[in-house]
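The values are calculated or read from the model by the stated rules, or taken from the named source; none is laboratory data. Nothing here was measured: the structure is a model prediction, and the numbers come from that model. So basically every Cβ, Gly included, is an ideal-geometry build from the backbone, and we count neighbours across all protein chains shown.
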Amino acid sequence: MFGDRWQQILQVQGDKVALLLPDGVVTYRELECRARAQQVQHCPQLGAFYLAQGDGAEVTVALLAGFLTGLPVQVVEKDRQRRVPVVAAPPGTALVKQTVGSSGWRRCQFFSFAQIAADVDRLHEALGLSDCRLALAPLSVAHSFGLTTTVLQTLLNGLPTHWLPTPFPTGLAAALAQSGRVFLPGVPAMWKAWLIAGLDLSRVRLAVSAGSPLTLDLEKRVRESFGLKLHNLYGTSECGAISYDANEEPRVSAEDLGTILPGIECWTGAEGRLAVRSDGVGFGYDEILPGEFFGAPEHLTSDLIQPQGRQLNYQSCAGAGINVASRKLSPAEIAAKISESLGGVPVRISGAPSRDPERVQDVVCHLDLPPETLTQEFKAKVCAALAPWEVPRRWCVGQ
């Protein structure tokens, strides 16, 4: 299936730029040469596979290598350790995602190429990406949102990607100056930072936000400052994009997640959580938690969302994961790191609403220790092993 699509892309634009990088460009034919030389790795549960981890080029090349050879590709965030699946990959697995998601537990998710292609093609059609000349990638291409809106669009639909190592305004401004009719996906925290920086977004053809709730205030300010409609996109890593606000006028309700995309069915499932049926739903997790359902073609999300016809209205998330500026964190992972630094002292981690709506939640650390223990030196020691986004902003000590 992929081979025919790829050959068509090569015939039409093989010598054109596929990836723009800080140190140069890569054509479609050069991508294939790199993919053919990619080193195969081996895993007891995946067999021969390719590891997609690193910068935008490394992830893209590994994906292409897997699609060309029919071997699985495991995508891992650059700053994370690879999780070895605890079960064998289902037959036909082409892609393995490693994510926390809203569940709060880091696990592997298995997908066939057909399932991935269904999501990528649905997004390409719904967002009108054929009208764009380039996708900017200021967000992680190892995350589902960045993966399906940028480098997978390059490999499956021939839309070039300009990969940026960070979402900082300076780099984004330089990238925008090079191209017109740009597709710019970002999370709300990024859009807020770009807004404050006063970027020139006149070359942006399509602006999309996903990863966490989009406030009406941010949407309004983007419209007033840039003249852009910031389109709200909702989905999960398990099944890809689910709904999209394609309207050109600003929303009147912050709960508005847009309209369910074609080929997708949604209904209210157990405990009021949104249930989804589509050809983009993956095979399942490598480890299942009680009360979950994830297996082609259906997925029960952790989100409390009310369908009204083809419209979706967001209420809240029932999952244990902590959403910090659209980065999903595992309370158990953070607690384990802090506990280890304290010699095994019990630690409980939770999320609490942040005063900054684009940050979404703050990490809260609960410790059964005397209040006088909580010094700056203590916090520095405890947080030394944490990533910056995992560091607690609130501390609760004592009984």
So Gly104, is it small (Gly, Ala, Ser), at pLDDT 95 or above and assigned by TED's automatic domain parsing to the domain that holds Lys192 = no
Filter result for the condition that a residue is touching a helix residue (DSSP H, G or I) at 6+ places or on another chain (Cβ under 9 Å) and either more than 21 Å from Leu127 (Cα to Cα) or aromatic (Phe, Trp, Tyr) (or both), over Ala193, Ala174 = Ala193
So Arg181, is it at positive phi and of a type in the set (Lys, Arg) | yes
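Here's the yes/no breakdown for (1) in contact with a strand residue (DSSP E or B) (Cβ under 9 Å, 6 or more places away or on another chain); (2) farther than 18 Å from Ser144 by Cβ:
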{"site": "Val25", "(1), (2)": "yes, yes"}
{"site": "Leu31", "(1), (2)": "yes, yes"}
{"site": "Ala37", "(1), (2)": "no, yes"}
{"site": "Gln45", "(1), (2)": "yes, yes"}
{"site": "Gln53", "(1), (2)": "yes, no"}
{"site": "Leu71", "(1), (2)": "yes, yes"}
{"site": "Lys78", "(1), (2)": "no, no"}
Would you kindly identify the strands (runs of 3 or more DSSP E) lying entirely within the stretch 216-296 that contain at least 1 residues that are in contact with a Cys (Cβ under 8 Å, 6 or more places away or on another chain), crowded, with 20+ Cβ neighbours inside 10 Å and not basic (Lys, Arg)?
-> 240-244, 256-260, 273-277
When you look at Gln39, is it modelled with pLDDT under 95, farther than 27 Å from Val182 by Cα and exposed (fewer than 13 other Cβ atoms within 10 Å of the Cβ), yes or no?
-> no
Taking the condition over 25 Å from Gln98 (Cα atoms), under 16 Å from the mean Cα position of the chain (by Cα), not basic (Lys, Arg) and not assigned by TED's automatic domain parsing to the domain that holds Glu358, does Trp191 pass?
-> yes
Identity of the residue in the stretch 8-36, aliphatic (A, V, I, L, M) and closer than 19 Å to Gln178 by Cα, that ends up surrounded by the fewest Cβ atoms within 10 Å (Cβ to Cβ) | Val25
Residue ID - surrounded by the fewest Cβ atoms within 10 Å (Cβ to Cβ), chosen from residues in the stretch 324-351 that are out of contact with any Gly (no Cβ under 7 Å at 6 or more places or on another chain) and assigned to a strand (DSSP E or B) | Arg348
Can you give me the number of residues within the stretch 301-329 that are among the small types (Gly, Ala, Ser), out of contact with any helix residue (DSSP H, G or I) (no Cβ under 7 Å at 6 or more places or on another chain) and over 19 Å from Ala241 (Cβ atoms)?
-> 1
Of all residues making up the stretch 69-100, the number that are touching a helix residue (DSSP H, G or I) at 6+ places or on another chain (Cβ under 9 Å) and of a type in the set (Gly, Ala, Ser) | 3
Does any residue of the stretch 69-92 turn out to be closer than 20 Å to Ala37 by Cα and of a type in the set (Ser, Thr, Tyr)?
-> yes
Mind listing just one residue for me: the one in the stretch 197-215 that is of a type outside the set (A, V, I, L, M, F, W, C) and part of a strand (DSSP E or B) and, of those, surrounded by the fewest Cβ atoms within 10 Å (Cβ to Cβ)?
-> Arg205
Considering residues of the stretch 152-172 that are surrounded by fewer than 19 Cβ atoms within 10 Å (Cβ to Cβ) and among the β-branched types (Val, Ile, Thr) only, the residue farthest from the chain's Cα centre (by Cα) | Thr170
Looking at Val391, is it touching a Lys or Arg at 6+ places or on another chain (Cβ under 7 Å), in contact (Cβ under 8 Å) with a residue 24 or more places away in the chain and under 17 Å from Ile334 (Cβ atoms)?
-> no
